[in-house]
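Participant: I am attaching a structure below and will ask some questions about it afterwards.
The values are calculated or read from the model by the stated rules, or taken from the named source; none is laboratory data. This one's a predicted model, so the numbers in the text were calculated from it and none came from an experiment. We place every Cβ from the backbone using ideal geometry, glycine too, and count neighbours over all the protein chains shown.
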Amino acid sequence: MINGRFAIAIHILTLLSREKGVSSAYIASSININPVLVRKEISILKEAGFVQTQEGKNGGNALAMTPAKIRLSDIYKAIYKEGLFAHSKNLPNQQCVVGKKITGIMEQINREAETALLKRFQSITIKDLADPI
């Protein structure tokens with residue numbers, strides 16, 4: 001898995017595709033993490049339009065759209081606003097034969113990798129992940 005945040009977001013959305021009106025504590029117990037981390041990711045997922053939250057006694061978290069409309073590529077873009085492969089802000093030594101070329105080389109490789117990853121993620125929805133469960 002790319003990293004914990006992406007996996008957490010997918011877990012949250014997959015769980016919400018099967019259950020509605022659940023608390024962050026319930027979601028956290030499913031993922032086995034602290035509810036504070038769940039609330040942080042839910043706020044990002046709400047901002048992206050994937051989740052809606054209702055306050056109060058009968059409130060909780062639910063999907064804001066059908067699971068078939070939530071693509072992994074869209075989740076990825078919500079989590080990694082600058083892209084996963086954003087290159088280091090450290091500029092290598094431009095006097096070095098490797099240092100003056102490596103940044104451009106790596107940027108091209110990273111762009112190609114991210115493009116391939118997003119193409120694959122475009123074809124997978126939360127519904128695809130939830131159906132076999």
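Participant: Specify the residue that is surrounded by the most Cβ atoms within 10 Å (Cβ to Cβ); the eligible residues are those in the range 74-104 that are among the hydrophobic types (A, V, I, L, M, F, W, C) and farther than 17 Å from residue 116 by Cα. First the steps, then the outcome.
Facilitator: Applying the first criterion (among the hydrophobic types (A, V, I, L, M, F, W, C)) to the range 74-104 yields 75, 78-79, 84-86, 91, 96-98, 102.
Imposing the further condition that a residue be farther than 17 Å from residue 116 by Cα reduces the set to 78-79, 91, 96-98, 102.
Working: 78: 17, 79: 20, 91: 9, 96: 10, 97: 8, 98: 9, 102: 13.
Across the range 74-104, the extreme among qualifying residues is 79.
Participant: Quick one: residue 48 ticks every box in (1) out of contact with any Lys or Arg (no Cβ under 9 Å at 6 or more places or on another chain); (2) free of Cβ contacts under 8 Å to residues at least 60 places away in the same chain except a single one, so which number is it?
Facilitator: Failing condition for residue 48: (1).
Participant: Can I ask one more? Does residue 88 fit the bill of being over 20 Å from residue 132 (Cα atoms), at pLDDT 95 or above and more than 17 Å from the chain's Cα centre (by Cα)? I'd like the intermediate steps shown before the answer.
Facilitator: On the way: over 20 Å from residue 132 (Cα atoms): yes; at pLDDT 95 or above: no; more than 17 Å from the chain's Cα centre (by Cα): yes.
So residue 88 fails the test.
Participant: Would you point out the residue of the range 1-39, among those that are touching a Ser or Thr at 6+ places or on another chain (Cβ under 7 Å) and over 20 Å from residue 68 (Cα atoms), that is surrounded by the most Cβ atoms within 10 Å (Cβ to Cβ)?
Facilitator: Only one residue tops the list, namely 38.
Participant: Which condition from (1) at pLDDT 90 or above; (2) part of a helix (DSSP H, G or I); (3) over 21 Å from residue 45 (Cα atoms) is the one that residue 107 breaks?
Facilitator: The failed condition is (1).
Participant: Next question. In this structure, does residue 42 turn out to be outside any helix (DSSP H, G or I), surrounded by 15 or more Cβ atoms within 10 Å (Cβ to Cβ) and in contact (Cβ under 8 Å) with a residue 24 or more places away in the chain? Give the derivation first.
Facilitator: On the way: outside any helix (DSSP H, G or I): no; surrounded by 15 or more Cβ atoms within 10 Å (Cβ to Cβ): yes; in contact (Cβ under 8 Å) with a residue 24 or more places away in the chain: yes.
When the stated conditions are applied, residue 42 does not pass them.
Participant: In this structure, is residue 15 touching a helix residue (DSSP H, G or I) at 6+ places or on another chain (Cβ under 8 Å) and either within 18 Å of residue 125 (Cα to Cα) or part of a loop (DSSP other than H, G, I, E, B) (or both)? Step through it out loud before you land on a result.
Facilitator: Values: touching a helix residue (DSSP H, G or I) at 6+ places or on another chain (Cβ under 8 Å): yes; either within 18 Å of residue 125 (Cα to Cα) or part of a loop (DSSP other than H, G, I, E, B) (or both): yes.
Yes, satisfied.
Participant: Tell me, yes or no, whether the range 46-64 has at least one residue that is in a helix (DSSP H, G or I), of a type in the set (Ser, Thr, Tyr) and at pLDDT 90 or above. Full working, then the answer.
Facilitator: Here is the first cut: in the range 46-64, the ones in a helix (DSSP H, G or I) are 46-47.
Restricting the remaining residues to those that are of a type in the set (Ser, Thr, Tyr) gives none.
No, that holds for no residue.
Participant: Quick one: how many residues across the range 114-126 are in contact (Cβ under 8 Å) with a residue 40 or more places away in the chain and surrounded by 15 or more Cβ atoms within 10 Å (Cβ to Cβ)?
Facilitator: Qualifying residue count for the region: 6.
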